[in-house]
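To keep things clear, I will list the structure first and then write my remarks on it.
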Amino acid sequence: MSPYLHQTQNRIRVRSDFIQRNPKQIKEAIKQLQATDGIEEITHRLYAGSVAIRFDSKQVKAATLLAQIEWVGCLCKKTKTTSIAPSAVAPSL
């Protein structure tokens with residue numbers, strides 16, 4: 001899934017593979033975000049791979065929160081990698 005970001009005046013919602021696959025790291029990031037002045041509520045939906053942050057825009061700027069979210073890695077797009085199993089490689093002659 002490609003990272004998804006939706007922002008309104010007092011709410012940011014991020015959805016990504018990173019959120020879905022790294023619950024411990026996300027829980028720690030949520031703890032840090034909750035300590036930020038102006039955060040009203042944070043909802044983490046593990047199976048949806050999303051985090052929604054409701055905040056008071058008079059106390060904290062959306063840009064500040066987005067920078068924190070990006071720093072954690074929530075907006076990273078997982079790159080697809082291809083690996084070849086050893087048995088599939090022909091032996092050299």
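Just so it is clear, none of the values below were taken in a lab; they were calculated from the coordinates. Keep in mind it's a predicted model, so treat the numbers as computed, not measured. Cβ placement follows ideal geometry from the backbone for every residue including glycine, while neighbour counts extend to all protein chains displayed.
Each residue of region 19-24 in order: what ³J(HN,Hα) in whole Hz does its phi give by Karplus 6.51 cos²θ - 1.76 cosθ + 1.60, θ = phi - 60°, with x for Gly and Pro?
5, 5, 9, 10, x, 5
When each pair of different Cα atoms in region 1-72 is counted once in the 1/r mean, what is the Kirkwood radius in angstroms, to one decimal?
Values: mean 1/r = 0.0829 Å⁻¹.
Here the Kirkwood hydrodynamic radius works out to 12.1 Å.
Within 10 Å, count the other beta carbons around each residue, average over each peptide in 46-57, 12-23, 28-39, and list them highest first.
Ranking, from highest mean packing down: 12-23, 46-57, 28-39.
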